[in-house]
């Protein structure tokens, strides 16, 4: 009686676990459940993340707090939010380097837009195969770099971050110096390519 083994019925749990992007179910900025891809991406175990704060995944506590404020301020009417940001790997599982910083696209949805952090589902996509972080940036430089990649002006970045456009220009100049870019378009290209 040869033949193939029966394929298990696809259910929500299997779909969650086998999704090609990292997925997190959250409550009050704590990770309630995570899938295999997220564990692989961050080099973590389920025990490290389930019940823990998202703060573990950020380079600094300041970036965790500022991102939370941006999410609250910028959710659309359906509770959706997305951005690109620098995240931090936790362990060495799966060949990743503990403490390594990497570019990540994060998108998600708060289940109740009036309470952005109450409950949500978030997807994480590792961009490191396309964009390598080769230059050491401060937390504020990382925020401004991410918004420059989105194509925002100094004025728009200043509004998002609660700083003056002039402050944004100062940080842009620092980013240009660190990357060796002569113009803003060249800076954005270098940030996208992850090159010096």
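On inspection, residue 26 passes the criterion of being assigned to a strand (DSSP E or B) and modelled with pLDDT of 95 or more. Restricting to the range 43-53, and then to whatever is under 16 Å from residue 126 (Cβ atoms) and out of contact with any helix residue (DSSP H, G or I) (no Cβ under 6 Å at 6 or more places or on another chain), can you tell me which residue is surrounded by the most Cβ atoms within 10 Å (Cβ to Cβ)? Here the residue is 44.
Rundown of residues vs (1) touching a strand residue (DSSP E or B) at 6+ places or on another chain (Cβ under 8 Å); (2) in contact (Cβ under 8 Å) with a residue 24 or more places away in the chain; (3) not assigned by TED's automatic domain parsing to the domain that holds residue 119, yes/no style:
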| position | (1), (2), (3) |
| --- | --- |
| 57 | yes, yes, no |
| 62 | no, yes, no |
| 67 | yes, no, no |
| 71 | yes, yes, no |
| 101 | yes, yes, no |
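Test residue 62 against the stated conditions and say whether it is closer than 17 Å to residue 191 by Cβ and exposed (fewer than 15 other Cβ atoms within 10 Å of the Cβ). Considered against the rule, which asks whether it is closer than 17 Å to residue 191 by Cβ and exposed (fewer than 15 other Cβ atoms within 10 Å of the Cβ), residue 62 comes out as no. If I go through the range 29-40 residue by residue, how many of them are closer than 18 Å to residue 64 by Cα and either outside any strand (DSSP E or B) or out of contact with any helix residue (DSSP H, G or I) (no Cβ under 6 Å at 6 or more places or on another chain) (or both)? Qualifying residue count, the range 29-40: 4. Only a single criterion out of (1) in contact with a strand residue (DSSP E or B) (Cβ under 7 Å, 6 or more places away or on another chain); (2) in the same structural domain as residue 16 (by TED's automatic domain parsing); (3) surrounded by 15 or more Cβ atoms within 10 Å (Cβ to Cβ) is not satisfied by residue 91, namely (1). Scanning the range 137-196 for residues being without any contact (Cβ under 8 Å) to a residue 12 or more places away in the chain, more than 18 Å from residue 86 (Cα to Cα) and surrounded by 18 or more Cβ atoms within 10 Å (Cβ to Cβ) gives a total of 2.
The values are calculated or read from the model by the stated rules, or taken from the named source; none is laboratory data. Remember, predicted model here, so these are calculated numbers, not experimental data. Glycine also receives a Cβ, built like all others from the backbone with ideal geometry; neighbour counts cover every protein chain displayed.
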